[in-house]
Each structure stands twice: as structure tokens, then as C-alpha cells.
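For reference, the structure is listed below as C-alpha cells.
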Amino acid sequence: MRLGGPDALISRATGWLLTLACAAGVVVAAAVGIWLSLPPSVNHAQARAMQPAIDAYLHAHAAQLGIGGVLDARYQPQVFCDANIIEIRPDGPQWRVGMMLNCGEYARHQGRLLEASLGYFMAVGQLTGRGHGGRYQVRSAQLGPDGYSPAWVHENFSSRAARWLLSTSPPTAPDPVSQARQAFGFPAGTVAVQWDV
């Protein structure tokens, strides 16, 4: 049985090579698509070490950041935010930290813990400090504009983090009520009463 001349063999080999190249291209494109759709990886030990400094900064600077002012001032309310750190990037001698915040304003009134939920905010912060258990300090923080501004997100986050923030299932953040319970002397598990605006 004759298989054909050299031209036929070259044609078949070229066809197989093209088929393999196309298959490899599809696999690579799929892998890149999956990789790009994943959230950025975060060093969780570093994020845990940064968290107390971030929480304290947000609590102390809530008014300057424009967070709060909902509860009656006579109750001496305080704002607490809990951050979900979604990316940490080196920025010269500092760290640029991208996060999603969940904030609430709380007060103690007539033996109850009042809460006005303030919602979620995207934020970036500049931190200084050493890794490996070193202490961190927040130098500044900036909240994103009301609503999800794609331009602001792309300007302040990596492309992977921006894609996640602007996706149909963006990151959330924990409820800061545990910070409020501790600050106002309520036992763990105390239910906060929602304040009607």
C-alpha cells in the first residue's frame, strides 16, 4: 500500500502540527482566562498583621474620610469598619493595600447597642512597617467615590483586583459589630438594634 510521495507526508505533518498548535493555543487561552478571573493572592499572615493598624486608623479617621454622621450625636456614636484586604503591593518603602470595607456607626443607648449600617466602601491605604511580625502604621487612606467608578478602580487597583471589584460577585467584608460590642462593653453575641434613618 502506497502512502503517497514526500509532498503528501509533509502536508499531513503540517496538518498535525497546525492542529496541535491550535489545541495548545486554546489550552493556553483558557488557562490565562481562568488565571485572570481569580482574585489576587494575598499573603494572609501579612494581612493579619496589618489588620489592627487598619481598623484603628479607620476608627480614628472616620469623620475625615466622610464616614458616619447618621446616629444622633447625643448618643456619642462611633464608627467601626472591618476591612477585607484584597491586595498588598510594595510601593517604594511602603505598602499599598487595596481593600473592601464594611462600616457601621454604633452607639450605646438605654442599654442597647444601636447600629446604623453605612455599607461597603472600596479603599486604598498606604502603610509603613516591617514584615515578619513587625508593626505596621497606616500613613493615609482614600475611599472610592460613591458607587463603583470603573475609572477610580482601575487607577487604584491592579488589573486582577479591579476585575474582581467590578465583577458580578465582588468581594465583601466582615461585619464590624464585634468591634462595637467590645468598645461599648457588650458581651459577645449582643444583637445590634438597627437605627431607622
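Conditions (1) closer than 29 Å to LEU113 by Cα; (2) surrounded by fewer than 19 Cβ atoms within 10 Å (Cβ to Cβ); (3) at pLDDT 95 or above, marked per residue:
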residue: TYR148; (1), (2), (3): no, yes, no
residue: LEU165; (1), (2), (3): no, no, no
residue: PRO171; (1), (2), (3): yes, yes, no
residue: ALA188; (1), (2), (3): yes, yes, no
residue: VAL193; (1), (2), (3): yes, yes, no
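Any residue at all in the stretch 70-77 that's touching a strand residue (DSSP E or B) at 6+ places or on another chain (Cβ under 6 Å), modelled with pLDDT under 95, part of a helix (DSSP H, G or I) and not aliphatic (A, V, I, L, M)? Yes, the stretch 70-77 contains a residue that is touching a strand residue (DSSP E or B) at 6+ places or on another chain (Cβ under 6 Å), modelled with pLDDT under 95, part of a helix (DSSP H, G or I) and not aliphatic (A, V, I, L, M). Of all residues in the stretch 121-142, those that are buried (at least 18 other Cβ atoms within 10 Å of the Cβ) and not β-branched (Val, Ile, Thr) total 7. Keeping to the stretch 147-197, report how many residues are in contact (Cβ under 8 Å) with a residue 60 or more places away in the chain and in contact with a helix residue (DSSP H, G or I) (Cβ under 6 Å, 6 or more places away or on another chain). The total comes to 3.
Can you say whether ALA53 is farther than 22 Å from LEU114 by Cβ and either at pLDDT below 55 or basic (Lys, Arg) (or both), as far as the supplied structure shows? No: the conditions fail for ALA53.
The values are calculated or read from the model by the stated rules, or taken from the named source; none is laboratory data. Predicted model only: the values in this text are computed from it and were never measured. Because the Cβ atoms are built from the backbone with ideal geometry, glycine has one as well, and the counts that use them run over all protein chains shown.
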